[in-house]
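First the structure, in the form of structure tokens, and then the observations on it.
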Amino acid sequence: MASKKWIAMLLAGGQGSRLGELTSGLAKPAVPFGGKYRIIDFPLSNCTHSGIDTVGVLTQYQPHLLNDYVGNGKVWDLDSDFGGVSVLPPYKGKDGGEWYKGTANAVYQNIQYIDRYNPENVLIISGDHIYKMDYSKMLAYHIEKRSQATIAVIQVPWQEASRFGIMNTNDNQKIIEFDEKPEYPKSNLASMGVYLFNWKTLRSYLIDDERDLTSEHDFGKNIIPNMLEDRKHLYAYHFEGYWKDVGTVESLWEAHMDLLEVNPQFQLDDPNWKVFARNANHPPHYIGEEAVIKQSLTNEGCMIYGTVDHSVLSYNVQVGYNSTIKDSVIMPNVHIGDNVHIERAIIDSNCVIEDGAVIGNSNPSAKITLIGEGQTITSTDQKKITNI
Amino acid sequence: MGNVLGLINLINEKQYLKELTTHRNIASVPFGGRYRLIDFTMSNFINADISLVAVFPKERYLSLMDHLGSGKEWNLDRRSGGLFILPPIQPHETSMGDMKQFHNHLSFFERANADTVIISPGHHVCKIDYNEILAFHRENQADITVVYKDFYDGAVEKLIYHQCIVDEDGNVTDINLFNVPQAGDHISLETYVISKSLFIDLVKKCAANEEYNFLKDAVKANLHRLNVKGYHFTGELPFIHSIESFHASNMKFLNPQTLKSFFSEEWSVVTKIKHEPPAKYGQASNVKNSLIANGCDIQGTVENSILFRGVKVKKGATVKNSIIMQKGEIEEGAIVENVIADKEVRITKAKKAVGENEPLVIKKAEVI
């Protein structure tokens, strides 16, 4: 039987309700990021660069755009005869079928898919994080440690540690304890939601977990604690680099602002680690005679006549005369008229901001203003502006 | 409507773009910030739902092969139809004429699942609706349709254009080969519509007589015998035949109206994908009236210029009235004016590169 060294399962079913209106019509991994990407491009590109040729994308909530976007995977070089990318929504088999009840259950329901490739190891990743990671280094570590499950961890500031799943390890990086969002963290090693399992081991835990009626069928809450209880060999793999959860409007905005630093920690322009994205094929962007553009990222198809300061503009955005965009994120196909002021805001795709409209609050402690997909904002239409 | 074969004929190209065409053919010369000239013809074909495209290169086509690849960017990597690149079989025959190369690949035409052939050169920057021309061709029951455009560009010294004489019924009555075009002349765009069977017939007959020039031996020589119609193209099409006209044609795109008319959702101009990140602007960047492609990093001043993908303009550098192709680097304090810099050119710190009377061409990967 043909077999593979490893395959990846990408959890992309999350609703991302903390992203408010940004995810009213699409799944969280499909949310645009960095002007020309979607969040899912980052883990998929990581797979390409790590030499993974088989990725199952587990979808559930608002799957259509994601299905279409991932397509046959050719953008990420994941179009192959045996493997490649497969979008895996919940399905019905002869023994029934149901919605994915949790992260572990989603993988459980696709045991047949994974078995087809008979992999030695299975990498579990999610579609909610912005990071560049060579998973093959983690695999080498996993093999070297003869680990049954390896969990990627990153050091977080101590004061934030209680927001994460925290690993307590011994000197040999063996995980001895896992605390989900501990009130008094014993370490600051947070789980990144990147797990590498020996497939035979994981398979049996998934089957046992499915029988447990009290389980939430979640990797962090059930599978990992159960394995620790059974004294399996779990190791922490230290990741150094930029890693950001973009699960809230504030964190999504912050991650964009991070890109605008003079020497950003997270670089999109690394020629050895290109982030692949489905390309919309627009002409180069045009900067007009009176335009001013500083410390910003701009994409193809934009037409800029006003001022853009410290902002990220996705493709096909028009900024009219005498308008100012400051500390903001403008998603694709947004049309901004003349004399508009936008500050500390995220404007979602396909919005029309009419002449003279004012959006956002310049106060650094104010919440980021979000304008949902496809809205039209006029100069008098202040009510539509939602601070969340 | 039957199947159409789109034929891109590069055999008659002359290398008149100086250093830009020393290592590549004209069709592969970069244009408009992220395109190659051939992208416009390729896109015109796919926008007309033509899914079988054959490219006939003559020489220096490595860059072209790299650019077109399997044709997947144009959705031409398919089982039915697709992209075919049909180079010369005997290199010494390349000077004999385009019909020689067509004849060498006769079996391709015989096998091709198409009843009509549209022939175009590979360097026309235009939006041309081939379905409209096909409809014209069929309505007029033409044997051959010749597409022409009125000439109103500046003086051309080189003898490279052919003038069509068209009567009031739209019949092409004569073709003056290698003519110095005067204002208002009908200039052949070397774009033709012809049925596949007639095309094959003409290729065979001409080969039997050792005549190998399509325009002269197949079209002009048969004007008295065949129904040859002229299709008057009235859209935008800058004639590119020199460094000056190449520079000016690029600069025409520094205009929002031109941009909107050339590039729209309904008519995308497709090129090879490079996966470049967004363009980055620094604190001190100062950019006016310019076209900037993705992957650029701009810390200095850019005016009236076109920057291709991945160009870097460092602090204190100035770029004016110039075209900087892919991955050019303009270092701190350098001054670049009226220049066409080929790919990967580097202008080092505080150096000056200025074109005086005509644009200064800097060849690929040169360091100044």
Among the listed residues B:Leu76, B:Leu83, B:Leu64, which satisfies the condition of being in a helix (DSSP H, G or I), in contact (Cβ under 8 Å) with a residue 24 or more places away in the chain and either farther than 20 Å from B:Lys196 by Cβ or not assigned by TED's automatic domain parsing to the domain that holds B:Val345 (or both)? B:Leu64
Suppose we filter the stretch A:98-129 for residues that are aromatic (Phe, Trp, Tyr) and assigned to a helix (DSSP H, G or I); how many remain? 3
Which of the helices (runs of 4 or more DSSP H) contained wholly in the stretch A:176-282 include at least 1 residues that are of a type outside the set (Lys, Arg) and within 14 Å of chain B (Cβ to nearest Cβ)? A:249-259
Test: A:Asp355 is over 24 Å from A:Leu19 (Cα atoms), surrounded by fewer than 17 Cβ atoms within 10 Å (Cβ to Cβ) and more than 9 Å from chain B (Cβ to nearest Cβ): yes
Can A:Thr169 be described as touching a helix residue (DSSP H, G or I) at 6+ places or on another chain (Cβ under 6 Å) and either surrounded by fewer than 21 Cβ atoms within 10 Å (Cβ to Cβ) or in the same structural domain as A:Asn222 (by the TED database) (or both)? no
Matching residues in the stretch A:299-316 - criterion: being under 20 Å from B:Gln257 (Cα atoms), facing chain B (nearest Cβ under 8 Å) and assigned to a strand (DSSP E or B): A:Met303
Confirm whether B:Gly235 is within 21 Å of B:Val146 (Cβ to Cβ), in a loop (DSSP other than H, G, I, E, B), away from chain A (no Cβ under 14 Å) and in contact (Cβ under 8 Å) with a residue 24 or more places away in the chain. yes
Tabulated pairs, the stretch A:179-204, first modelled with pLDDT under 90, second among the basic types (Lys, Arg) and not in a strand (DSSP E or B), C-beta under 8 angstrom, 6+ apart or interchain: A:Asp179/A:Lys186; A:Glu180/A:Lys221; A:Lys181/A:Arg163
A:Tyr113 fails exactly one of the following numbered conditions: (1) exposed (fewer than 15 other Cβ atoms within 10 Å of the Cβ); (2) in contact with a Leu (Cβ under 7 Å, 6 or more places away or on another chain); (3) of a type in the set (Phe, Trp, Tyr). What is the number of that condition? (1)
So for the stretch A:54-68 (the condition being touching a strand residue (DSSP E or B) at 6+ places or on another chain (Cβ under 8 Å), modelled with pLDDT of 90 or more and surrounded by fewer than 22 Cβ atoms within 10 Å (Cβ to Cβ)), does at least one residue qualify? no
Applying the selection to the stretch A:25-52, what residues are assigned to a loop (DSSP other than H, G, I, E, B), crowded, with 23+ Cβ neighbours inside 10 Å and either not hydrophobic (A, V, I, L, M, F, W, C) or not assigned by the TED database to the domain that holds A:Gly13 (or both)? A:Gly34, A:Gly35, A:Lys36
Unmet criterion (only one of (1) farther than 30 Å from A:Trp76 by Cβ; (2) buried (at least 24 other Cβ atoms within 10 Å of the Cβ); (3) more than 7 Å from every other protein chain (Cβ to nearest Cβ); (4) aliphatic (A, V, I, L, M)) for B:Val311: (1)
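Per-residue answers, yes or no, for (1) closer than 30 Å to B:Ser43 by Cβ; (2) buried (at least 18 other Cβ atoms within 10 Å of the Cβ); (3) touching a residue at least 24 places away in the same chain (Cβ under 8 Å):
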| site | (1), (2), (3) |
| --- | --- |
| B:Glu337 | no, yes, no |
| B:Val345 | yes, yes, no |
| B:Val354 | no, no, no |
| B:Lys363 | yes, no, yes |
Top-ranked residue of the stretch B:1-41 - restricted to ones that are of a type in the set (A, V, I, L, M, F, W, C) and in a loop (DSSP other than H, G, I, E, B), ranked as nearest to A:His282 (Cα to Cα): B:Leu37
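Please verify whether A:Tyr286 is within 9 Å of chain B (Cβ to nearest Cβ) and modelled with pLDDT under 95, treating the condition exactly as stated.
no
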Working only within the stretch B:95-107, note down all residues that are surrounded by 14 or more Cβ atoms within 10 Å (Cβ to Cβ) and closer than 17 Å to B:Val4 by Cα. B:Phe102
Residues being in contact with a strand residue (DSSP E or B) (Cβ under 7 Å, 6 or more places away or on another chain) and farther than 23 Å from A:Ser251 by Cβ - total across the stretch A:157-191: 10
In the stretch A:55-99, which residue that is under 24 Å from A:Leu123 (Cβ atoms) and polar (S, T, N, Q) is nearest to the other protein chains (Cβ to nearest Cβ)? A:Asn72
Considering only residues that are surrounded by 15 or more Cβ atoms within 10 Å (Cβ to Cβ) and farther than 22 Å from A:Ala12 by Cβ, which ones fall in the stretch A:129-142? A:Tyr141, A:His142
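The values are calculated or read from the model by the stated rules, or taken from the named source; none is laboratory data. Because the structure is a prediction, the values reported are computed rather than measured. Quick reminder, even Gly has a Cβ in these numbers, built from the backbone with ideal geometry, and neighbours come from all protein chains shown.
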